[in-house]
Amino acid sequence: MKFLAVRRRSPIVGVALLLLALIGIGAGYAAVVSARPAEAAAVNGLQNQVQQGKELYLAGCSSCHGLQAQGTSQGPSLIGVGAAAVDFQVGTGRMPLAAPGAQAMRRTPQYTQDQIDQMAAYIASLAPGPQIPTAQDLSYQGADTAEGGVLFRTNCSQCHQAAGQGGALTYGKYAPSLMQANARQIYEAMLTGPQSMPVFSNGTLNTKDKQAIIKYITAMQQSSNPGGLSLGRLGPVAEGLFLWTAVFAALILVAIWIGIKAR
Amino acid sequence: MNEITPAAEHHYDGPGALPVADVPHKARLTDTDPQAARRAERQVTFMFILAILLFIAFIVAYIAVDKNTVVYIPVFGEVGASTMLLGLTLGLGAFLIGAAAIQWAKKLMPDVEVVQERHEMASPESADHEALDAYTRGKTESGFAQYKMIRRTLIGAMALFPIPLVVILRDLWVTPPGSPGPATILSHTLWRKGSRIVVDGTYQPLKASDLPVGGMISAVPADLPAVEDATGNLDARGKAAIVVVRMAPNEIVSQQGTNWDYQGILAFSKICTHAGCPISLYEQRTHHLLCPCHQSTFDLADGGAVVFGPAARPMPQLPIGVDAEGYLVAQADFAVPIGPSFWERG
């Protein structure tokens, strides 16, 4: 310290301090300035995403859902359906609709995930609605399969069948099979209630309950068929039909062979 | 009658002559060509040998293949290796025994057409007399016509015999002495004024804000778990199960009572009024509740009215409201008995 105390009045100290102050101010300014473009970019990015989503929407969806997503006689209003509904409907290929009918079918998605995200951002910008579930929402690995089974059998199995194979509703509508659905789609379907399906909001079945249901469905998707051909896992009806058609046809062929006179 | 005669010796030219007698016998290839006969012999032997090998394979598979092994087979998908092998070897082996026996019979066993005449449809007169004699002898020897008292009491006893079987049906439902009768028990559920509505499975109480428009959830009264623990059966659940749905208040056409909804939230019994199946196939856009058993369809926006199917009564509605803390509660028990009709029901 003595070294500094002796030299503090040296003319070079003033210059050094000035230099230090200038560097400090410069660095501080640079930090502030460099932070601002990042924020601005994020805002701009979202606006861009919404803008691009709007363009995709106008080109692909507005003929049925209306120019302002207000809905027409051909399609429902999308105001307030939320990003999750867009991600589910377009991500499973149900929208854009292949053909008018009782129900939209699962198909290969017609848009890339980036485009779906853009349209989801546009629809979410119109009015608040269910958000796309986060990775944390979807971390179902620790969930309770048995609890999921109880909730699935109580609320889901009567339409989707106890093994998740789907089933008939009224007037040509049906509950689809869940064997293709991934965790995100199952979560979004519960959250938004697509088509005839009722909404299972986080108020009625919370995130933990939804994760348990996803775990149960995943367990059914992954389970093998130890007994042989699953026949849609529909149980005795499908098995009886198989016996009365395929097996009986084979038996009739054998009976015909027995009856043919040997040459 | 009934004797079998080789067709070659059978000469009958009268009315109704059998066409088979007119068809000239055609020898088989195995009858004329010794090489073909040897070939057929080899075929049959081969099938029997294959069956032997399959049965040995069955035993080997039974011992060697772990029953939990899963293999992928195209078309079939992921299947149990053990089940598949056991079924294939035993089934194919049994089929081959049958196929070999038929091939043997068709190709190598004697090939002679035979004619077997049908016996007459009517039984011979002697049999008729025998039956009549037996009946008359029984009638006179037993004295059925003679002992009037015996005859009448016998008829009375036989007529009353099925009655006890009908009476015991009444006690299929055994109620402890002093408890109300089945009709009373069936007519009342756990729901009463102030019973909180909780989600079936998680038993979380519900607030009105938890249920969005278009939402549905299966629910039960909050005290159901305690009652189930005490009784050890599912009777209370079978009667108290409900579905809670929410629709925009202006979509509600009618209800079973004034203001039985709470801001568009409606509660209905989950038990079909036709055959008692629990139903929750709710189509949120049409507000229809569909029973998977016999396709009875109820319109929940129109007081649970039956719009299709065999159900004869509308789905009973549970009047609901909220308590001081804002949780959904029942206003009262169901006004009518839930579930299928029964005798004492008005």
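The values are calculated or read from the model by the stated rules, or taken from the named source; none is laboratory data. From a predicted model like this one, the values you see are computed outputs, not experimental measurements. For neighbour counting, all protein chains shown are included, and Cβ atoms are generated from backbone atoms with ideal geometry for every residue, glycine included. These accessible areas exclude ligands, DNA and RNA; they are computed on the full protein's heavy atoms, side chains included. Shrake-Rupley method; radii C 1.70, N 1.55, O 1.52, S 1.80 Å.
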Residue pairs meeting the criteria (Cβ under 9 Å; at least 6 apart or on separate chains; first open to solvent by less than 100 Å² (accessible area, probe 1.4 Å), in the stretch B:116-138; second of a type in the set (S, T, Y))
B:A131/B:S123
Out of all the residues in the stretch A:140-154, is one or more at pLDDT 90 or above, under 15 Å from the mean Cα position of the chain (by Cα) and surrounded by 15 or more Cβ atoms within 10 Å (Cβ to Cβ)?
yes
Among (1) on the phi > 0 side of the Ramachandran plot; (2) of a type outside the set (G, A, S); (3) in contact (Cβ under 8 Å) with a residue 60 or more places away in the chain, B:Q263 falls short only on (3)
Enumeration of residues in the stretch A:160-177 that are among the aliphatic types (A, V, I, L, M), surrounded by fewer than 22 Cβ atoms within 10 Å (Cβ to Cβ) and either in contact with a His (Cβ under 7 Å, 6 or more places away or on another chain) or not in a loop (DSSP other than H, G, I, E, B) (or both):
A:A168
Applying the selection to the stretch B:99-119, what residues are touching a helix residue (DSSP H, G or I) at 6+ places or on another chain (Cβ under 7 Å) and of a type in the set (G, A, S)?
B:A99, B:A100
Out of all the residues in the stretch A:109-119, is one or more buried (at least 17 other Cβ atoms within 10 Å of the Cβ), within 27 Å of A:K215 (Cα to Cα) and within 14 Å of chain B (Cβ to nearest Cβ)?
no
Scope the stretch A:199-246; condition open to solvent by less than 50 Å² (accessible area, probe 1.4 Å) and more than 31 Å from the chain's Cα centre (by Cα); matching residues:
A:G228, A:A238, A:G240, A:A246
If a residue has to be open to solvent by 30 Å² or more (accessible area, probe 1.4 Å) and in contact (Cβ under 8 Å) with a residue 12 or more places away in the chain to count, how many in the stretch B:188-205 make the cut?
8
For the stretch A:145-159, check the following and say yes or no: at least one residue is in a loop (DSSP other than H, G, I, E, B), over 25 Å from A:G91 (Cα atoms) and not basic (K, R).
no
Being hydroxyl-bearing (S, T, Y) and open to solvent by less than 10 Å² (accessible area, probe 1.4 Å) is the filter here; which residues of the stretch A:181-195 pass it?
A:Y187
Any idea which of B:V227, B:V213, B:V198, B:V243 is touching a helix residue (DSSP H, G or I) at 6+ places or on another chain (Cβ under 6 Å), of a type in the set (V, I, T) and modelled with pLDDT of 90 or more?
B:V227
Can you confirm whether the stretch A:127-144 contains a residue that is of a type outside the set (D, E, K, R) and assigned to a helix (DSSP H, G or I)?
no
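Taking the stated definitions as given, is A:G172 under 22 Å from B:Q284 (Cα atoms), within 13 Å of chain B (Cβ to nearest Cβ) and modelled with pLDDT under 90?
Yes; evaluated as a whole, the condition is true for this residue.
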Considering only the stretch B:20-69, state which residues are open to solvent by 60 Å² or more (accessible area, probe 1.4 Å) and in contact with a Gly (Cβ under 6 Å, 6 or more places away or on another chain).
B:F55
Looking at (1) in a strand (DSSP E or B); (2) within 14 Å of chain A (Cβ to nearest Cβ), which is the one condition that is false for B:V329?
(2)
Quick check on my filter: what residues within the stretch A:177-221 are in contact with a Gly (Cβ under 7 Å, 6 or more places away or on another chain) and among the basic types (K, R)?
A:K215
Please find, within the stretch A:122-139, the residue that is farthest from A:A189 (Cα to Cα) out of those that are under 14 Å from the mean Cα position of the chain (by Cα) and open to solvent by less than 80 Å² (accessible area, probe 1.4 Å).
A:S139
Tell me yes or no: at least one residue of the stretch A:202-225 is more than 10 Å from chain B (Cβ to nearest Cβ) and not in a helix (DSSP H, G or I).
no
Given the structure, is B:G178 open to solvent by 50 Å² or more (accessible area, probe 1.4 Å), over 25 Å from B:E344 (Cβ atoms) and away from every other protein chain (no Cβ under 14 Å)?
no
